[in-house]
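Notes for the one structure printed next.
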Amino acid sequence: MPTPHVYKSEALVLRHINFGEADRILTLVTPQHGKISAIAKGSRKVTSKLASAVDLVTRAQFVLATGRELDVVTQAVVQERFDHLRESLWHATAGYTVAEALDRALAEREPHPDIYVLALDTLRRLDADADAWLADPTPQNPAGPTSRGWAAMRFFDLVLLDLLGYRPAFHTCVSCENPLQAVEDNGFNAELGGAVCPSCSRYAQRRLPLLTLKVLRLVQTTEWHALPVMRLDQRTRDDVEGVLQSILSLNLERSLKSWNLLH
Amino acid sequence: MQTTAAAVTALIEEFAKLPGIGPKTAQRLTFFLLRSPADQTRRLADAIIRMKEQVITCSTCFNITETDPCPICASPQRDHGLICVVEEPLDVLAIEKTDTFRGVYHVLNGALSPMEGIGPKDLRIAELVARVQHSSGEVREVILATNPNYEGDYTAAYIAPLLRPLNVTLTRLARGLPLGGDLEYADEGTLSRALEGRRAFEG
C-alpha cells in the first residue's frame, strides 16, 4: 500500500545530522513503516517546538508529509525521553548502541514491529536501571551498570540476533552437530554461527568457558521477567560481550562504534 | 564549446561547494558579484584570504583568534577561575553576546558522538582536564555548557567524572522556557525542566 501524502506514526529517533542553517535530517524507526529518513526544519533553534521530539533516543508521535527525497516532519510530540538513561555514561552509551544496532540492522521502509518493541523495552529497562544506579551508584565500579542493566543489553543482543534470523547455536556443536558437553574447553565461531565442541576445536575463533556458555544459554532461552539476577565477574561479562559482539559485527557487517567507545 | 567565461564557471563551482548552497544559489551569488563594484568584490576576497591566513586557534581555550592567547584568555578583567566549556566557537559568540558572563571559555570542537565515530580523542577533553589540573587550584567552577541534547548531555556525562576529583564545582546551564514565548506552545520536556528549576519571585 503506498504511503499517504500526510501520515502519523510514532517513532524512535535513531540518528540525526545537522543540515543547513537550523535543520536536522533524522533517521527514524517506526512500527508500521520501518526505518525512514525525514527532515525536521528549524529543529535546532532553541524556540523550535520540534527540538525535544527529534533528539536522539526519544520516542515521539510524528506527523510526516511525504517528500520527493525526504519526508518532512510537520508535528511531533514527545512520548518518552528516557531521562535517567541520559544521565549515566554507561547507560547513555548503551542507548547509543541500541540505536546504532537498529540503524545497521534495518533496511529503509521494511517494517519490523518486533524489533521496534524490543528496542523500546530495552531502553525502558536501561532507563529503570540508570534510575536505580543513579540513586545508589556502585562504589566499586562508578561507571558501570548494575547486573540488570548489563543483562538488558545481552538480552537485546540475543533477541535481536534471533529476530534477524541469526540465532547462535549454544546447545549443539555447529560443526559436528553433537550436543555440547558442560566442559571448559568448548569454543565459538561467529562465521559458523555458534559454539564448537572440543573435538572440532580447529574451528574455534575464541574460547567459550563453561560459565560464559551457561550465561549465554540462560539469556537466550529465558523470558526477560524470569531472568534471574546474575552476579558475574568482569572477565565473564567481557567473554559474554565478546562472543555476542563478534556475531553481531559479522551479521551487521561492521562492529558497533558505540560499543567500541564503551571499551 | 564553452558558453560561459571560465572564471565565472570556476566561481560558481567554488560557491556550490559551500554548505547549504546549491547550484542555483551559486549562480546567483556569482552574477551578483559580477555586477558589484570592483572594490566591494575585492573587500570580500581580502576578507576570505585574511581569515585563512590570520586566524589561529588559542592554545589555552581553543577558540578561534588572531593572537595567542586570545583576547579573552589574556584579559586580566576576566575571571580565570570560572571556565565555560562549549562545543563550538559559535557558542562563545552566543554567550559573549549576552554580556553577562565574565569567566573564560574552553572550546571542545564538537560533542562526543559514538555512532559517528567521534570519540574523546577527537575533542579537546584531555586539554581541559590538564588545564584545570595545572591551574594550581585557581579554577573553582567549570560550567559544562554543551548543547542540551543527547550528544551534549553525553559529552557532559563523560567529562564530569574526569573533573570531579580535581575539586572543582561542576554546573550545567539551566533549562527552561525561551523569553517571549507562549507557555501553551512549550514542549513537555522543556516545561518540566522549567518547573524543576523555578526560582523565588522577588517582584
Cross-link table A:K35/A:K214; A:K35/A:K257; B:K17/B:K97; A:K45/B:K121; A:K214/B:K121; A:K41/B:K17, entries beyond 26 Å C-alpha to C-alpha: A:K35/A:K214; B:K17/B:K97; A:K45/B:K121; A:K214/B:K121
Fluctuation leader among B:D79, B:D68, B:D46 - chain B, Gaussian network, Cα springs under 10 angstrom: B:D46
Value of [θ]222 nm, deg cm²/dmol, for the protein assembly as shown, DSSP H segments ≥ 4, -39500 (n - 2.57) each, nearest 500: -12500 deg cm²/dmol
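Applying 1/(1 + (r/R0)^6) with R0 = 25 Å to the Cβ-Cβ distance of B:T4 and B:M51, what FRET efficiency is obtained, to the nearest 0.05? Spell out each step's value before the answer.
Details: r = 28 Å, r/R0 = 1.12.
For R0 = 25 Å, the calculated efficiency reads 0.35.
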log10 of Debye I(q)/I(0), alpha-carbon scatterers only, for chain B at 0.11, 0.15, 0.17 Å⁻¹: -0.74, -1.06, -1.17
Charge dipole (the protein assembly as shown, unit charges on Cβ, about Cα centre) - positive-most of A:Q234, A:L164, A:I36: A:I36
Rough spin-label spacing in nm, given labels placed 7 Å along Cα→Cβ, for A:Y203 and A:H5: 5.7
Distant-in-sequence amide H partners of A:A169 (H built 1.01 Å from N, under 5 Å): A:G194, A:A195
For the stretch A:6-80: relative contact order, % (alpha-carbon pairs under 8 angstrom, 6 or more apart): 32
Under 17 Å from B:K24, Cα to Cα: aspartates and glutamates that are on another chain or at least 8 residues apart: B:E13, B:E14
A:L232 paired with A:A182, simple spin-label distance in nm, labels 7 Å along Cα-to-beta-carbon: 1.8
Inter-label distance, nm, simple model (7 Å from Cα along the C-beta direction), B:K17/A:D121: 5.1
Cut-off 9 Å between beta-carbons: net charge of the residues surrounding A:W150, Lys and Arg +1, Asp and Glu -1: +1
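So what's the convex hull volume per residue for the Cα atoms of the protein assembly as shown, in Å³? Walk me through the numbers before you get to the answer.
On the way: hull volume 112.4 nm³, N = 466.
Measuring per residue, one finds 241 Å³ for the Cα hull of the protein assembly as shown.
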Extension gain, B:E184 back to B:D39 (0.36 nm per residue minus Cα-Cα distance, nm): 47.1 nm
Radius of gyration and maximum dimension Dmax of the stretch A:119-263, Cα, Å: 15.5, 49
Choice from A:W90, A:W150, A:W224 with maximal GNM fluctuation in chain A (Cα, 10 Å cutoff): A:W224
Among A:N178, A:N189, A:N251, residue whose mean-square fluctuation peaks in a GNM of chain A (springs only between Cα atoms under 10 Å): A:N178
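Since every read-out is calculated from the coordinates, none of them should be taken as a lab result. In this text the structure is predicted, and so the values were computed from the model without any measurement. No Cβ is skipped: glycine too gets one built from the backbone with ideal geometry, and neighbour counts run over all protein chains shown.
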